[in-house]
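A.B. asks: Quick one: the structure is below, and I'll ask about it shortly.
The values are calculated or read from the model by the stated rules, or taken from the named source; none is laboratory data. Just so we're clear, the structure is a prediction, and the values are computed from it rather than from any experiment. Positions of Cβ are backbone-derived with ideal geometry, glycine not excepted, and every protein chain shown enters the neighbour counts. Please note that ligands, DNA and RNA were not included when accessible areas were found on the heavy atoms of the full protein model with its side chains. Shrake-Rupley method; radii C 1.70, N 1.55, O 1.52, S 1.80 Å.
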Amino acid sequence: MDNKVRIVEVGARDGLQNEAARVPAPVKIELIERLAAAGLPVIEATSFVSPKWVPQMADAADVLAGLRRKPGVGYPVLVPNQRGLEQARGAGADFVAVFTAASDAFNRKNINCDIAASLVRIRPVIEQAKAAGLAMRGYVSCALGCPYQGAVAVADVVRVAAALAQMGCEEISLGDTIGLGTPIQARAMLRAVAEAVPMQHIAVHFHDTRGQALANIYACLEEGVRSVDASVAGLGGCPYARGASGNVATEDLVYLLQGLGLETGVDLDALVETGRWISNKLGREPASKLGRVKV
Ligand code: HMG
Ligand code: MG
């Protein structure tokens, strides 16, 4: 089994999209640059969504344009539609992420359409991004339950993940958007998806709302997943997912992976320092366990 794990850092997007106070673009840029310096290989930088829906990301073009990119690091940006793709490309994006959910009810709240319509909307985005040579990733939210619909059938997660993969997404990130899942469910869901999408094209994305994220990740690592989304200082959550809290904290994830002998390329001290730095900017303690350890 491969002993390298790729961490996809989503704090600057999934984290900061949910902050009540507006974070200035220079702070976002410094956060992303610090994360790159700490060795994160993929850092989701921002999202080109409607500023009417998510005002926190209204500065997407400024963030992307102002970023000093570290060679070898991927900087995906979230795009909801063709307009978002055009704006992202105009701002210099070379890696984009599309997103939908395995729940019609959640999609209606988050992107104002159901699953079927979202896939119709996404298809030309993927086609154009691929034609332009951009790297592509796709998210499936509510993979272990929905704040509006309740239980989500594994078959729906498989169907949506397979559709995104078939359209051309190189990686499908399975999101437990409001942190409902537990390890046995996470394992079963992942196994089912892996029958339709090869494991090397799957990532897992856990929010830690109920404290299950690391346990779920451990179960998924045992199944063979080697790409894991995380958010520095445990920032975040989707503003349209009632009850969502932050993602698993990247610091705590790196600590777990080190303990398992899995390589991440991340400098844990620099990461913890970055988590404390951004938490300080936001006026609170880090939500990561490691960030609160007193030495
Ligand atoms: P809509 O209202 O149905 O669409 O929104 P619309 O086309 O009528 O657009 C509404 C307004 O936004 C219009 O402006 C458009 O021009 C503008 P107006 O004419 O009224 O002045 N607009 C845009 N502006 C900038 N960039 C764009 C764009 N598109 C339209 N790309 C839409 C549909 C999808 C646009 C909207 O619902 C939206 O932006 N939703 C995004 C919500 C979001 O960002 N949620 C968080 C990310 S998902 C997440 O966090 C989950 C994840 O982490 C995984 C997990 O945890 O599960 C990924
Ligand atoms: Mg998320």
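A.B. asks: Where does the charge balance sit around Ser288 when Lys and Arg score +1, Asp and Glu -1, over other residues with C-beta under 14 Å from its C-beta? Write out the running numbers ahead of the final one.
C.D. replies: On the way: positive: Arg276, Arg284, Lys289, Arg292, Lys294; negative: Glu9, Asp208, Glu251, Asp252, Asp269, Glu273, Glu285.
Net charge around Ser288: -2.
A.B. asks: Tabulate in residue order the Karplus-calculated ³J(HN,Hα) for the range 190-195, using 6.51 cos²θ - 1.76 cosθ + 1.60 with θ = phi - 60°, rounded to whole Hz; enter x for Gly and Pro.
C.D. replies: 4, 4, 5, 5, 5, 6
A.B. asks: Tell me, for the chain, which Cys residues have no other cysteine's C-beta sitting closer than 4.7 Å.
C.D. replies: Result for the chain is Cys113, Cys169, Cys220, Cys238, no neighbouring Cys Cβ within the cutoff.
A.B. asks: Right, next: Given the C-alpha centroids of the range 162-239 and the range 259-295, what is the distance between them in whole angstrom?
C.D. replies: Using only Cα atoms, the two centres lie 21 Å from each other.
A.B. asks: Ok, one more. If R0 is 25 Å, what FRET efficiency do you get for Ser50 and Arg210 from their C-beta distance, rounded to 0.05?
C.D. replies: Numbers: r = 30 Å, r/R0 = 1.20.
For R0 = 25 Å, the calculated efficiency reads 0.25.
A.B. asks: Let me ask something else about it. So for the range 98-137, what percent of the C-alpha to C-alpha distances run longer than 12 Å? Could the numbers behind the result be given before it?
C.D. replies: Values: 436 of 780 pairs.
For the range 98-137, the share of Cα pairs beyond 12 Å comes to 56 percent.
A.B. asks: What area, in nm² and to one decimal, does the C-alpha convex hull of the range 6-288 cast on average over all directions? Working shown, then result.
C.D. replies: Values: hull surface 49.7 nm².
The Cα convex hull of the range 6-288, projected and averaged over all directions, gives 12.4 nm².
A.B. asks: Going by a ≥ b ≥ c, the root eigenvalues of the Cα gyration tensor, does the range 241-295 fall in the rounded group (a/c under 1.5), the prolate group (a/b larger than b/c) or the oblate group?
C.D. replies: Numbers: a/c = 2.20, a/b = 1.33, b/c = 1.66.
The shape class here is oblate.
A.B. asks: Can you work out the Karplus-derived ³J(HN,Hα) for every residue in the range 249-258? Use 6.51 cos²θ - 1.76 cosθ + 1.60 with θ = phi - 60°, whole Hz, and x for glycine or proline.
C.D. replies: Per residue, the Karplus-derived 3J(HN,Hα) values read 6, 4, 4, 5, 5, 4, 4, 4, 5, 4 Hz.
A.B. asks: Cut-off under 26 Å on the C-alpha distance; same-chain residues fewer than 8 positions from Lys289 excluded. Which lysines are left, in chain and number order?
C.D. replies: Cross-link targets: Lys4, Lys28, Lys281.
A.B. asks: Any chance you could run the full-extension gain for Ala65 through Asp94? It's 0.36 nm times the residue separation minus the Cα-Cα distance, nm to one decimal. Don't skip to the answer; put the middle values down first.
C.D. replies: Values: separation 29, 0.36 × 29 = 10.44 nm, distance 1.21 nm.
Extra length from Ala65 to Asp94 when fully extended: 9.2 nm.
A.B. asks: Taking the mean number of other Cβ atoms within 10 Å as a proxy for protection, how do you rank 21-30, 227-236 from highest to lowest?
C.D. replies: On the way: 21-30: 16.5, 227-236: 28.9.
Packing proxy ranking, top to bottom: 227-236, 21-30.
A.B. asks: May I pose another question? For the chain, what is the calculated [θ] at 222 nm in deg cm²/dmol (nearest 500), taking -39500 (n - 2.57) for each run of four or more DSSP H residues and dividing by its residue count? Provide the component values of the computation, followed by the final result.
C.D. replies: Working: 10 runs with 116 residues, N = 295.
That calculation yields -12000 deg cm²/dmol at 222 nm.
A.B. asks: Can you pull the one-decimal nm distance between simple spin-label points at Tyr148 and Lys281, each 7 Å off the Cα toward Cβ?
C.D. replies: About 3.2 nm, to one decimal.
A.B. asks: Using mean Cβ contacts within 10 Å as the protection proxy, how do 210-219, 94-103 order, highest first?
C.D. replies: Numbers: 210-219: 19.3, 94-103: 25.1.
Order by mean packing, descending: 94-103, 210-219.
A.B. asks: With a 1.4 Å probe and all protein chains left in place, how much accessible area per residue does the range 101-142 have, in Å²? Write out the running numbers ahead of the final one.
C.D. replies: Numbers: 1570 Å² over 42 residues.
With the other protein chains kept in place, the range 101-142 gives 37 Å² per residue.
A.B. asks: In the chain, what % of DSSP beta bridges are antiparallel (nearest 5)?
C.D. replies: On the way: 2 of 33 bridges.
If we restrict to bridges inside the chain, about 5 percent are antiparallel.
A.B. asks: Can you give me the relative contact order of the chain as a percent, contacts being Cα pairs under 8 Å and 6 or more apart?
C.D. replies: Working: 654 pairs, mean separation 57.7, N = 295.
Answer for the chain is 20 percent.
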